[in-house]
Structure formats: C-alpha cells, structure tokens
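Scroll down for the structure; my scribbles are underneath it.
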Amino acid sequence: CGGSISNSSGMLQSPFYPGGYPNNADCVWELQVENNFRVMLTFRDIAMQSGRCEYDYIEVYDGPPHSSPLLGRLCSGSFPTYISSSNMMTVHFHSDSRYTFRGFQAHYSSIPADDNTTLLCLPDYMHAVVSRDYLQSEGYSVQMVTLNDNRCKPTVTSHEVIFNIPYNSCGTIREENNDTINYSNMIKVTSSGYIIKRKKNIHLHISCKMLHSTWMQTMYVAEDTVDMNENQFGRYDMNITFYDSSLFLRQVHDSPYYIDLNQNLYLQAYLHSSDPNLIVFVDTCVASPDPHDFNTLAYDIIRNGCVRDSSYATYYSPYSHFARFKFNAFEFISRHTLVYLQCELVVCRLGDYSSRCYQGCVNRSKRDTSSAEEKVNVVVGPLQLREGDAQSRNTG
C-alpha cells in the first residue's frame, strides 16, 4: 500500500487486487523517474464505489502530494491516461469503511521530455542547458545567450549552451517561506540590433526549490515566446564517513572497516551543498547485519534524537554542514560477521529554531509537525570484527 517508486516502468494496483480492497485504506505512491523524463500513467481497470467519488477514490497529482496540482480524481467509468509535467507523479488511493470492490490497476512508464532546455538541481549548483538547435530554429545565435549576471559565462559545445550556476553567487536569489527554500536565476537571450529590434528577448526563468522531502526544479520562458516548463525532482546529497580519531583529520576508507570490540568509532555526516544557511542533525542511527533491512534484527544507537546507546556522544563541528558523533563497537557485532549502519539525517534552515534540527529528543507525533526540513537515509559499512578478537572469544 503505497511507497516511493523509482523504476522506469511498472504496475500499480489497490491492495489485494483483484480480490477486493480493505476498508479505511490510504495508500500514497510517489513515482519518480529519471531527470528530464515524464511519468505516463494509464489505468487498465477501475471497479470502485461509483458516484461522485466521495467515499472510495483515486487521486493523481502532478508532482509531490502536498504541493502539486490535482490531475484527476476518479472511481469508475473510463480508463484515462495522465502525463506529468515533471519527472514525478503521486497516486493516492482512499477507501472508507463501508463497501469494497475489485479496486484498480494501472501501468506507468517514463517518456522523454522536450529537449530544448534541461535543468538539474545539483548539490553545489544549478545545471541549465539550452539546445543550440532550438536557438537556431528561433533565429538566435549563441552570443546572444547570457546569465542575469553576465560575468558568469556559459560553456558552449557543438550542441548546447551550458550554465553551471552556484546557489550563492552569479545573481542567484534565495527566498524562504514556511515550507520551501527557493533559489532562482534567469538566462537571457537578447536580440541583436541597436536601432530596431525585430525579435523579442527570451527570458528563461530557472528555479530550484527545496520542498519537505524533495528538490523541485523549474525552468520556464517569459516574454511572449513559446512557454517552456522544465520541472524536475531530486534529493539532497549526503554522506557519512568514518574517521580514525576524535580530531576528525583522517578518513577511514577501508571496506569492510575492521574494528575491535568496544573500539571507539568516530563518524561525520556531511551535507554536500553550496548554501551555507543549512544545518544537519542526526535524528536516528540503527545497526543491522542486513544492509537492506533495518527492522527485523536491529540495534538502536540513537532514535528520534533520543540516545539509546550509553557510549554515544556528539562533538563540536566547525560548520553547520557537518555533524560529528561517536559510539563504541558493541556486542552486537560479536554475533554477526558484518554490521551496517543506517542513519536518518535531517536538513533544516540554519537558525530556524522551530525545525527538527533544534528540537533534540522528541517523540514521533511531535516531530512530524515540522515541514521545513528534509530527511535523508544513508547506509554505511560494513563493519567487521578483527580476527584476533574472534579467536580469543572462541577459545575463551
């Protein structure tokens, strides 16, 4: 029932289809395909409580569920096809407590987007590309293409004009509201001719938005030209690295990382972003022998900001993009050949004291109230016990 799906194509269906869906179901599927592709969703079967779709229904959103336009709400009748304007679409299935039917089945696939312009919101910069064929077809030359700040020059190839625009320079504007941080800039295509102008200027508006759990990327053209929209969704780039001491000077690159029982393990979480006004918080870290399952057999080191392992401690970090902490290799590793860590890291606005990053240890119901944050799961490891430790334990 629901979940995040990143395959290029596949099938969606209501729970237990075609055997009858359960009562009081609320399933949300987030479909995310590759950058510069669109999601095409085609319904193949719908058998639900008909009428005005008040009780049992399917909703299709053009992007994330809370901030995107509704493409359609349906419960019976025809089998429509929906195409997203970005690389993300959300499907919400709802049933009430009265009647149950066969449900629905739909197929989704990814289709290439228009390649006149593309936009990627990368960790350090916005990567905007304008096709030279498109410029030529509109009667413009490469020399006419500039950024709002014309000191930041593009890279010109045989097919493309490429701008790599930092989030904190080149005229990029940063705006905040309750639940998003918006970075915007503009590429200008200016008509030549000092006395008369026979062509209108083109303004390509570029926008990267940090939403609750995704980046939203938009690029559109103003000034009485063909309106081009470029929407993409992506996620923050985070990593966790082991260090050999509390000085955090030398990284450990070994894989697996061989350790002794009760050895201090030093870790640094790092947010890869050029925006200095963001902060990282370590919300949860769990150990497991299976890198794909942190529920069945797991050991909590910290959960929801509440320390569960007595050896856990944090260290001062000189930058808000880093979070430093340590714990001891524990008995858990003596029973399993390899151990992996999964940490849930939260990104918030620096100085936003209502956000998750400043709340410390909280229960689940309280922490779900904040929307101006991004949660990212990172898995690191494996950790492996040194042979000497294993032998001395076995002989003992």
Between His272 and Asp237, what is the label-to-label distance in nm when each label sits 7 Å out along the Cα-to-Cβ direction?
0.4 nm
Based on the alpha carbon coordinates of region 268-368, what radius of gyration and maximum Cα-Cα distance (Dmax) apply, in Å?
14.5, 43
Among DSSP beta bridges whose residues both lie in region 1-89, state the antiparallel percentage, nearest 5.
75 percent
Say a paramagnetic label sat at a point 7 Å from the Cα of Ser310, along Cα to Cβ; which residues of region 257-287 have their backbone N under 12 Å from it?
none
Using the Karplus curve 6.51 cos²θ - 1.76 cosθ + 1.60 with θ = phi - 60°, what ³J(HN,Hα) values do you get for each residue of region 76-84, in whole Hz, with x for Gly and Pro?
6, x, 6, 10, x, 10, 10, 10, 6
Net lengthening on full extension, Asn201/Val142 (0.36 nm per residue, minus Cα-Cα)
19.9 nm
Simple spin-label model, 7 Å along Cα-to-Cβ: Phe322 to Tyr55 in nm?
6.0 nm
With Cβ to Cβ distances under 14 Å as the rule, what net charge do the other residues near Tyr316 carry (K, R +1; D, E -1)?
+2
Largest-first ordering by accessible area, 1.4 Å probe, given options Arg151, Arg308
Arg151, Arg308
Once label points are set 7 Å from the Cα along Cα→Cβ at both Asn168 and Val362, what is their separation, rounded to one decimal in nm?
2.6 nm
Given a 1.4 Å probe, the accessible area of region 237-296 per residue, as a whole number of Å², is 47 Å²
Students often check this: by mean Cβ neighbours within 10 Å, which of 158-168, 87-97 ranks highest, and how do the rest follow?
87-97, 158-168
Per-residue SASA entry for Glu30, accessible area with 1.4 Å probe, Å² rounded to 10
40 Å²
Work through the residues other than Glu344 whose Cβ is under 10 Å from its Cβ and net out their charges, Lys, Arg +1 and Asp, Glu -1.
+1
Net charge (Lys, Arg +1; Asp, Glu -1) of residues whose beta-carbon lies under 13 Å from that of Cys27, Cys27 excluded, is -4
Ordering Lys188, Lys326, Lys153 by accessible area with a probe of 1.4 Å, largest first, what comes out?
Lys153, Lys188, Lys326
Which order do you get for Glu34, Glu54, Glu59 if you rank them by accessible area with a 1.4 Å probe, largest at the top?
Glu34, Glu54, Glu59
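The values are calculated or read from the model by the stated rules, or taken from the named source; none is laboratory data. These numbers were taken from a predicted model, which means no experiment stands behind them. Ideal geometry is used to build each Cβ from the backbone, glycine not excepted, and the neighbour counts take in all protein chains shown. Ligands, DNA and RNA are excluded from the accessible area calculation, which covers all protein heavy atoms including side chains. Shrake-Rupley method; radii C 1.70, N 1.55, O 1.52, S 1.80 Å.
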